[in-house]
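> Once you've had a glance at the structure underneath, I'll fire off some questions.
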Amino acid sequence: MKRAMLVLIGVLTASMIVACDDKPTQQEANEQFCDDTAELIASLRVIRDLDRNSSIEEVQAARDRARNAYANMIESSAGVVDARLDDLNSAYDELQAAVDDIDESDSIGDALDSVNDELEAVAQEASKILNDVDCSGVGSESQSDE
């Protein structure tokens, strides 16, 4: 809940900055990007933690959370790490393709197993970016808020 509030405050703050047409400082841009990347990693952990007993609604909610987190991270990356996003974009595209390839007749467990490698690749690429940008403590915050 705490993490959700921080993300909401970040989104509202970003909206206010855009509304005022003021450019954020480099530090503010980095902080927003770090928060959004941490949310992506947290959302991927939620998907990873789904199991064979998870409901379709839980799977869909986790997918939507990851989709939104990814979109927010890409948006906040403008001017921060554009050149570093190529590998992440490729990994994310492969994840989307793997998800699209899931057959409706597959069990949730089989579906999750079929995208596990792609999930890991996206998380690894996002982590590389976090290591390149000053996001001290971001990974540990997202774990404790789950």
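The values are calculated or read from the model by the stated rules, or taken from the named source; none is laboratory data. The structure displayed is predicted, hence computed values, not measured ones. No Cβ is skipped: glycine too gets one built from the backbone with ideal geometry, and neighbour counts run over all protein chains shown. For the accessible areas, the whole protein counts, side chains as well, though only heavy atoms, and no ligand, DNA or RNA atoms are used. Shrake-Rupley method; radii C 1.70, N 1.55, O 1.52, S 1.80 Å.
Residue by residue, here is whether (1) basic (Lys, Arg); (2) modelled with pLDDT of 85 or more; (3) open to solvent by 50 Å² or more (accessible area, probe 1.4 Å) holds:
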position: Ser105; (1), (2), (3): no, yes, yes
position: Ile108; (1), (2), (3): no, yes, no
position: Ser127; (1), (2), (3): no, yes, no
position: Leu130; (1), (2), (3): no, no, no
position: Val138; (1), (2), (3): no, no, no
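> Search segment 31-57 for residues being surrounded by 16 or more Cβ atoms within 10 Å (Cβ to Cβ) and acidic (Asp, Glu), and hand back the single one that is farthest from Leu112 (Cα to Cα).
Looking at residues that are surrounded by 16 or more Cβ atoms within 10 Å (Cβ to Cβ) and acidic (Asp, Glu), I get Glu31.
> Based on this model, can you work out whether Glu118 counts as of a type in the set (Asp, Glu) and under 15 Å from the mean Cα position of the chain (by Cα)?
Yes, satisfied.
> What is the one condition in (1) surrounded by fewer than 19 Cβ atoms within 10 Å (Cβ to Cβ); (2) within 19 Å of Leu50 (Cα to Cα) that Ala66 does not satisfy?
It is condition (1) that Ala66 fails.
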